[in-house]
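The values are calculated or read from the model by the stated rules, or taken from the named source; none is laboratory data. Fair warning: this is a prediction, and the values are worked out from it, not measured in the lab. Methodologically, a virtual Cβ is constructed for each residue, glycine included, from the backbone with ideal geometry; neighbour enumeration extends over all protein chains shown.
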Amino acid sequence: MIEIKDVTKDFPGEKRAIDSLNLTIPDGKIIGFLGPNGAGKSTMIKMLTGILPISSGQVTLNGLDIEKKPIAAKKLFGYVPDQPDMFLRLKGIEYLNFIGDIFDVPKQIREERIERLTKQFNIYEALGDYIQTYSHGMRQKIIVTGVLIHDPAIWILDEPLTGLDPKSSYMLKEMMRTHANEGNTVFFSSHGLEVVEQLCDEVAIINNGQLIFHGDMHELRDQYQSDQSLEEVFLELTNNE
Ligand SMILES: Nc1ncnc2c1ncn2[C@@H]1O[C@H](COP(=O)(O)OP(=O)(O)O)[C@@H](O)[C@H]1O
Ligand SMILES: [Mg+2]
């Protein structure tokens, strides 16, 4: 479970990026974090994961405060960033072993998972190549594989399906479903509705740094006229300019 309590983020000289956001992300469900470009999704996610300092408020992961207990909290989650352009000078296999080392994944389990997952994602043959030479989708898949290797309870995924080929996208969605069904936390962001509509149990909608809706699809539709499509509802909610 992730608890976001009254979190605000100010960047110097910029308008408030996150404004007093409260959100509880429960276990056992897939929660979509939806909002147009620039709404504040990545900023909030970077605070959840301890990448950006929180200006005020608190984030806890399974009860552990991300700022007060960063190491213990970071052991609990896997994170797929929106820009998967990291560790470019490592080979794929070096990156995965690096993750395995950090999270103390036993050699045998690690090898089994690396082989199975990278074959499923169709990047097995590229493991000996530098991540620098990978496409956007391949970089995402190597990071997703890294997350799955250490098998964390909490998944935090920032626009994970953008740039994935249909098969990999399907696989990742299935994995998200399985992980949630096993009682774990799955929180992912998206600027598009389709994925959220087919995949999420609950949706949290953010606009201009403020949470404007949290509930299931049913509740979202209930708030609006029944003849409106979800897309129309979303556009109406986020249409402020
Ligand atoms: N490092 C930063 N410095 C200043 N402003 C930032 C920084 N990161 C994000 N912002 C601003 O915060 C707002 C939210 O951005 P972001 O969280 O990336 O939105 P989203 O992920 O929903 O597209 C934007 O106005 C963006 O310009
Ligand atoms: Mg973003």
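Output the number of residues of the range 107-124 satisfying the condition of being under 10 Å from residue 149 (Cα atoms) and surrounded by fewer than 17 Cβ atoms within 10 Å (Cβ to Cβ). The qualifying residues number 3. Reported count of residues in the range 18-64, each being of a type in the set (Ser, Thr, Tyr), within 16 Å of ligand 2 (Cβ to nearest atom) and in contact with an Asp or Glu (Cβ under 7 Å, 6 or more places away or on another chain), is 1. Looking across the range 151-172 at every residue that is surrounded by fewer than 21 Cβ atoms within 10 Å (Cβ to Cβ), in a loop (DSSP other than H, G, I, E, B) and not aliphatic (A, V, I, L, M), the one that is farthest from the chain's Cα centre (by Cα) is identified as 165. Assigned by TED's automatic domain parsing to the domain that holds residue 233 and either free of Cβ contacts under 8 Å to residues at least 24 places away in the same chain or out of contact with any helix residue (DSSP H, G or I) (no Cβ under 7 Å at 6 or more places or on another chain) (or both), is that true of residue 162? Yes, satisfied.
Checking each residue in the range 125-150 for being in contact with a Lys or Arg (Cβ under 8 Å, 6 or more places away or on another chain) and either aliphatic (A, V, I, L, M) or exposed (fewer than 15 other Cβ atoms within 10 Å of the Cβ) (or both) picks out 127, 128, 129, 131, 132, 148, 149.
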